[in-house]
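Participant: Dumping the structure here so I can ask a few things about it.
The values are calculated or read from the model by the stated rules, or taken from the named source; none is laboratory data. Note that the structure is predicted; figures quoted are calculated from it, not measured. We place every Cβ from the backbone using ideal geometry, glycine too, and count neighbours over all the protein chains shown.
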Amino acid sequence: MIQAHALPATDVQGYSAVARTLHWTTAAIVLFQIPAGILMANMPEGPTQDLLFHLHRSFGLLLIPIMAVRLAYRLTHTVPPLPDDIPPLQRLAARTTHGLLYAVLVVQPILGWVATSAYRAPVLFFWLFELPPIWPEDRALSDVLFTGHRWLGIALALLLAGHIGAALFHHFVRRDTVLMRMLRG
Ligand code: HEM
Ligand code: HEM
């Protein structure tokens, strides 16, 4: 009789509860961050804009420790293999998209914090405490960094469109287990 714990790691079919919790927490934050960022950068000054700035910075900063844990977890655990019949090019596309998503999610919040520090705006974490600036004041540099932050935000949105489109394609067109193993494990 084959016992579950005797199976090789590659026979694991779904993502673990930890991987799923990290994935969906990150997803919820990012799906708030992008529209909030675009909205607050393009609306008139006032209390609503202040609130969005505050929430955008706080949730963005929260992503830094979450991504640190997620990256550490990802590097120390095996990922369930994709179904056998997925062509090599699609495997490569999935691996590249996931790698780029990880990279952008590590860089983007740090870039936001550095740019805000260079601008010398206060960085308050959820009305709790103020985080120190991590870059000397330099308004010209801040402008450049915020342009980078905007382009990285656009790149992230495009990556996500492909990522979410692929997940839905797997579920509704190919009718395989790829989406369910990230939803239910
Ligand atoms: C919106 C922010 C999101 C981000 C930043 C994100 C990021 C990622 C990353 C980095 C992975 C790779 C996980 C790993 O191998 O360690 C992944 C996997 C996955 N994501 Fe997302 N995701 C997001 C939203 C979504 C949404 C909305 C869906 C579903 C519609 C989804 C479905 C999946 C699925 C099914 C996998 C597993 C793919 C596989 O088995 O190879 N994701 N996601
Ligand atoms: C993954 C996390 C983050 C994402 C996806 C993200 C995304 C975005 C996006 C899409 C914009 C709109 C850019 C524009 O239309 O001009 C934006 C603006 C902004 N972000 Fe972030 N951001 C993140 C984290 C942060 C963090 C941690 C901070 C600061 C601590 C920050 C500070 C700002 C500021 C101040 C703006 C307004 C810039 C301007 O007015 O030109 N962001 N962000």
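Participant: Can you name every residue in region 165-185 that is surrounded by 13 or more Cβ atoms within 10 Å (Cβ to Cβ) and part of a helix (DSSP H, G or I)? Steps first, answer last, please.
Facilitator: Going through region 165-185, the residues surrounded by 13 or more Cβ atoms within 10 Å (Cβ to Cβ) turn out to be 166-167, 169-171, 174, 176-183, 185.
Residues satisfying the conditions are Ala166, Ala167, Phe169, His170, His171, Arg174, Val178, Leu179, Met180, Arg181, Met182, Leu183.
Participant: Among (1) in contact with a helix residue (DSSP H, G or I) (Cβ under 7 Å, 6 or more places away or on another chain); (2) part of a helix (DSSP H, G or I), which single condition is Pro133 missing?
Facilitator: Failing condition for Pro133: (2).
Participant: Separate question: Could you check, for region 112-121, whether at least one of its residues is out of contact with any Asp or Glu (no Cβ under 9 Å at 6 or more places or on another chain) and within 16 Å of ligand 1 (Cβ to nearest atom)?
Facilitator: Here is the first cut: in region 112-121, the ones out of contact with any Asp or Glu (no Cβ under 9 Å at 6 or more places or on another chain) are 112-114, 116, 121.
This time we only want the ones that are within 16 Å of ligand 1 (Cβ to nearest atom), so: 112.
Yes, some residue in region 112-121 is out of contact with any Asp or Glu (no Cβ under 9 Å at 6 or more places or on another chain) and within 16 Å of ligand 1 (Cβ to nearest atom).
Participant: Then there is this: Quick check on region 30-74: of everything there that is assigned to a helix (DSSP H, G or I) and of a type in the set (Gly, Ala, Ser), which residue is farthest from ligand 1 (Cβ to nearest atom)? Before the answer, list the steps.
Facilitator: The first filter runs over region 30-74 and keeps only residues assigned to a helix (DSSP H, G or I), leaving 30-41, 47-74.
Pick out the ones that are also of a type in the set (Gly, Ala, Ser) and you get 36-37, 41, 58, 60, 68, 72.
On the way: Ala36: 13, Gly37: 14, Ala41: 20, Ser58: 18, Gly60: 13, Ala68: 14, Ala72: 12 Å.
Here the residue is Ala41.
Participant: Search region 2-20 for residues being modelled with pLDDT under 95 and touching a helix residue (DSSP H, G or I) at 6+ places or on another chain (Cβ under 7 Å), and hand back the single one that is nearest to ligand 2 (Cβ to nearest atom).
Facilitator: Gly14
Participant: Consider only pairs whose beta carbons are under 8 Å apart and that are at least six residues apart or on different chains; among these, list those whose first residue lies in region 21-38 and is modelled with pLDDT of 95 or more and whose second residue is β-branched (Val, Ile, Thr) and within 11 Å of ligand 2 (Cβ to nearest atom).
Facilitator: Leu22/Ile66; Thr25/Ile66; Thr26/Ile66; Ile29/Ile66
Participant: Something else: Is it the case that Gly148 is closer than 26 Å to Ala68 by Cβ and under 23 Å from the mean Cα position of the chain (by Cα)? Talk me through it step by step, then tell me what you get.
Facilitator: Working: closer than 26 Å to Ala68 by Cβ: yes; under 23 Å from the mean Cα position of the chain (by Cα): yes.
It is true that Gly148 is closer than 26 Å to Ala68 by Cβ and under 23 Å from the mean Cα position of the chain (by Cα).
Participant: Confirm whether Leu131 is within 12 Å of ligand 1 (Cβ to nearest atom) and either loosely packed, with under 12 Cβ neighbours inside 10 Å or not small (Gly, Ala, Ser) (or both). Quick ask: steps written out before the conclusion?
Facilitator: Values: within 12 Å of ligand 1 (Cβ to nearest atom): no; either loosely packed, with under 12 Cβ neighbours inside 10 Å or not small (Gly, Ala, Ser) (or both): yes.
The answer is no for Leu131.
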